[in-house]
Amino acid sequence: MDDLRGNEEVKITDELKCWCRHCGAELPPNHTGPCPHCGKTGKDYRAPVTAGVNIVARVSSKARHKGRGFKKFAKEILQGWFSSISPALKKGVYKERIIDKEKDEYHEVVENAETGEIIREVHEPLTQHKSLAKKPAKKENRLREEQHGN
């Protein structure tokens, strides 16, 4: 029983059975003294136990639509369950993110997988989204531009 974790359900029924440890004869559970069949002492008790375990499948998916004139993709959709490094989010998060370069849209909703609470919700133009905004040129590119006078 120590190995069961999560949403398990364990039922112990009232059907307690008793057998002689030596000859296997069935005895009443409240029997005392030696076995009436073999005369030896010692009993084994058994009770049926039923255990049910809920298994949770966590799935995530990512799809990309490629389009002419766009690097990597024109539209990306990511959705599903993801783990989290935050100790407060031990059960992970559900995330849905849509990046649409053609329409200049960024949408993201992140919710706590355990409570359903929305942790983050962003709907903004993609060109204004902080993680995809134009990044400064790498050091080598800046040096090359400075040398060529660009």
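Things worth noting here:
- Extreme residue, nearest to Thr127 (Cα to Cα), among residues of segment 82-102 that are under 15 Å from the mean Cα position of the chain (by Cα) and surrounded by fewer than 16 Cβ atoms within 10 Å (Cβ to Cβ): Phe82
- Being on the phi > 0 side of the Ramachandran plot and at pLDDT 80 or above is a condition met by no residue of segment 119-129.
- Among the candidates Glu96, Glu105, residue that is in contact with a Pro (Cβ under 9 Å, 6 or more places away or on another chain), over 30 Å from Arg21 (Cβ atoms) and of a type in the set (Asp, Glu): Glu105
- Hey, Phe82 under 18 Å from Val109 (Cα atoms), in the same structural domain as Glu108 (by TED's automatic domain parsing) and either out of contact with any His (no Cβ under 6 Å at 6 or more places or on another chain) or modelled with pLDDT under 90 (or both) or not: yes
- For segment 89-112, the set of residues classified as of a type in the set (A, V, I, L, M, F, W, C) and either in a strand (DSSP E or B) or outside the structural domain of Thr127 (by TED's automatic domain parsing) (or both) consists of Val93, Ile98, Ile99, Val109, Val110, listed by residue number.
- Only one of Thr41, Thr50 that is on the phi < 0 side of the Ramachandran plot and in a strand (DSSP E or B): Thr50
The values are calculated or read from the model by the stated rules, or taken from the named source; none is laboratory data. Computed from a predicted model, the values in this text were never measured in an experiment. Heads up, the Cβs are rebuilt from the backbone with ideal geometry, glycines too, and the neighbour counts pull from every protein chain shown.
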